[in-house]
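The values are calculated or read from the model by the stated rules, or taken from the named source; none is laboratory data. As the structure is a prediction and not an experimental result, all values here were calculated from the model. Cβ coordinates were reconstructed from backbone atoms using ideal geometry, including for glycine residues, and neighbour counts include every protein chain displayed.
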Amino acid sequence: MNNLKTILVISGPTASGKTKLALNICREKNGEIISADSRQVYKYLDTGTNKEGVLRHNGQSFVRVIDGIPQYLTDIINPDQKYSAADFVRDAGLKIEEITKKGKIPVVAGGTGLYIKALLYGLDEMPQADEKLRLKLAEKPAEELYKQLLKSDPEAAEKNKNNPQRLLRALEVNILSGKTMKEHFKDKTQRYAFKHYSIAVDNEILYKRINERCEEMIENGMIEETEKVLHFGFKQDCAGLSGIGYRHIIKYLNGEISKETMLEEFSKDTRHYAKRQNTWFKAQSDTEFLKFS
RNA sequence: GCCGAGGUAGCUCAGUCGGUAGAGCAACGGUCUGAAAAACCGUGUGUCGGCAGUUCGAUUCUGCCCCUCGGCA
């Protein structure tokens, strides 16, 4: 266990400057970036997920390159495909191997806290998502899911009483494995030799930056980008287009809200998102905070 | 200048037949194991425009003043 691969991790809320910091570190330490971002994985969703750099042809695939530095795990699936923390752990693991083999340092940078945690400590052995079962369970009201789960996994049922999504997952795990959530949990050890830096920015400054950036994103063609993806044939409610901003733009395009309201809601949801990210990273004990203002 | 409406939380407003006030949004705190840009849980932060009067007690009633928004000039 003492030959763990060395990686660096940069986290932080949206608009905190993670990519910029990651690029500087890559230059200094001969590194390459692995994006830990549940939205940048989607092809065609560029402006709205704050991708930087350009896609370059690289043998059989495309790789995003920012100022000469490769950034992996962006643009890997279509907007109607699903991606999960488990997918990320697998894909990032492979990229870490590749980058390390080249003699470079993998720099994992992104704002999806669960992905980072799952990568660093692993996910427990558990049944994967079962779409058919989920569809069946989703027909039932949350109240019924709760009652059903109460019989087989009361702890998870109580904990997620008002949370349909989590009730459903706990029930899914229980039905497929016969075990409770907790019975799957094991003690965790680090899977990498890592340093985890998290960027902290004062909310007042961060929120102002978010408001400005949302406006810029609209000006920079995010509406057209959404229309383009819809013209490709992807549905309005597909996974990729359900992200912040895209879902607001779709409401606007459907005539349900004004452009002004769309921008307000877009900014608001982004601020709320940044707050949740802050709460998550604050709670991580392996993190060293870099205070920026 | 006159007439009308109004001034209560960061914003929009409700309310108190007189006993120091509450909704939505914002903000703040938290949860988190294959949907995580998701899905949830919790918290009211206030010179009730100012001054005086009546009253045991005024944000509420009365008077004056200040401010805002309409309309008429």
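All but one of (1) touching a helix residue (DSSP H, G or I) at 6+ places or on another chain (Cβ under 7 Å); (2) surrounded by 24 or more Cβ atoms within 10 Å (Cβ to Cβ) hold for A:ALA22, so report the exception by its number.
Among (1) touching a helix residue (DSSP H, G or I) at 6+ places or on another chain (Cβ under 7 Å); (2) surrounded by 24 or more Cβ atoms within 10 Å (Cβ to Cβ), the lone unmet condition for A:ALA22 is (1).
Using beta carbons and a limit of 7 Å, which pairs, at least six apart or on different chains, have the first residue in the range A:167-179 and more than 18 Å from A:LEU123 (Cβ to Cβ) and the second one part of a helix (DSSP H, G or I) and among the aromatic types (Phe, Trp, Tyr)?
From residues that are more than 18 Å from A:LEU123 (Cβ to Cβ), the pairs are A:LEU167/A:TYR146.
Return the pair list, or none, for Cβ contacts closer than 9 Å from residues in the range A:185-202 that are of a type in the set (Asp, Glu) to residues that are surrounded by 12 or more Cβ atoms within 10 Å (Cβ to Cβ), at least 6 apart or on different chains.
A:ASP202/A:PHE292
Show the residue pairs meeting these rules: Cβ distance below 9 Å; 6+ apart or different chains; first residue within the range A:225-247 and more than 18 Å from A:ASP269 (Cβ to Cβ); second residue surrounded by fewer than 20 Cβ atoms within 10 Å (Cβ to Cβ) and among the aromatic types (Phe, Trp, Tyr).
Close Cβ pairs (under 9 Å, with a partner that is surrounded by fewer than 20 Cβ atoms within 10 Å (Cβ to Cβ) and among the aromatic types (Phe, Trp, Tyr)) amount to A:LYS228/A:TYR44; A:VAL229/A:TYR44; A:PHE232/A:TYR44; A:PHE234/A:TYR44.
If I filter the range A:243-256 down to residues being among the aliphatic types (A, V, I, L, M) and buried (at least 17 other Cβ atoms within 10 Å of the Cβ), which single residue comes out as nearest to RNA strand B (Cβ to nearest atom)?
A:ILE244
Of all residues in the range A:87-111, how many are crowded, with 21+ Cβ neighbours inside 10 Å and within 23 Å of A:ASN24 (Cα to Cα)?
The total comes to 9.
Here is a list of conditions, (1) of a type outside the set (Phe, Trp, Tyr); (2) at negative phi; (3) modelled with pLDDT under 95, and A:GLN40 meets all of them except one; can you say which number that is?
The one condition A:GLN40 does not meet is (3).
Within the range A:184-198, restricting attention to residues that are away from RNA strand B (no atom under 11 Å from the Cβ) and among the aromatic types (Phe, Trp, Tyr), which residue is nearest to A:ILE25 (Cα to Cα)?
Per the criteria, the residue is A:TYR197.
Of everything in the range A:144-182, what is β-branched (Val, Ile, Thr) and closer than 19 Å to A:GLU131 by Cα? Give them in sequence order.
Passing the criteria: A:VAL173, A:ILE175.
For every residue, the table says whether it meets (1) within 15 Å of RNA strand B (Cβ to nearest atom); (2) modelled with pLDDT of 95 or more; (3) of a type in the set (Ser, Thr, Tyr); (4) touching a Lys or Arg at 6+ places or on another chain (Cβ under 7 Å).
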{"position": "A:SER61", "(1), (2), (3), (4)": "no, no, yes, no"}
{"position": "A:VAL89", "(1), (2), (3), (4)": "yes, yes, no, no"}
{"position": "A:GLY93", "(1), (2), (3), (4)": "yes, yes, no, no"}
{"position": "A:GLU97", "(1), (2), (3), (4)": "no, yes, no, no"}
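Condition first: within 11 Å of RNA strand B (Cβ to nearest atom) and in contact with a strand residue (DSSP E or B) (Cβ under 7 Å, 6 or more places away or on another chain). Now tell me which residues in the range A:20-48 satisfy that.
A:SER35, A:ALA36, A:VAL41, A:TYR42
Could you list all residues from the range A:248-272 that are without any contact (Cβ under 8 Å) to a residue 60 or more places away in the chain and in contact with a Cys (Cβ under 8 Å, 6 or more places away or on another chain)?
A:LEU263, A:PHE266, A:SER267
List every residue pair whose Cβ atoms sit under 8 Å apart, with the two residues 6 or more apart in sequence or on different chains, where the first one lies in the range A:133-155 and is closer than 13 Å to A:ARG169 by Cα and the second, anywhere, is of a type in the set (Asp, Glu).
Close Cβ pairs (under 8 Å, with a partner that is of a type in the set (Asp, Glu)) amount to A:LEU133/A:GLU172; A:ARG134/A:GLU172; A:LEU137/A:GLU172.
Can you find a residue that is assigned to a helix (DSSP H, G or I), more than 13 Å from the chain's Cα centre (by Cα) and surrounded by 18 or more Cβ atoms within 10 Å (Cβ to Cβ) anywhere in the range A:27-41?
no
Hey, can you tell me all the residues within the range A:159-183 that are part of a helix (DSSP H, G or I) and away from RNA strand B (no atom under 11 Å from the Cβ)?
Across the range A:159-183, the qualifying residues are A:ASN174, A:ILE175.
Return yes when A:GLN236 is surrounded by 14 or more Cβ atoms within 10 Å (Cβ to Cβ), closer than 25 Å to A:LEU21 by Cβ and within 23 Å of the chain's Cα centre (by Cα) and no when it is not.
no
Take A:VAL201 and tell me if it is buried (at least 19 other Cβ atoms within 10 Å of the Cβ), closer than 30 Å to A:GLY17 by Cα and either near RNA strand B (Cβ under 7 Å from one of its atoms) or modelled with pLDDT under 95 (or both).
Answer is yes for this residue.
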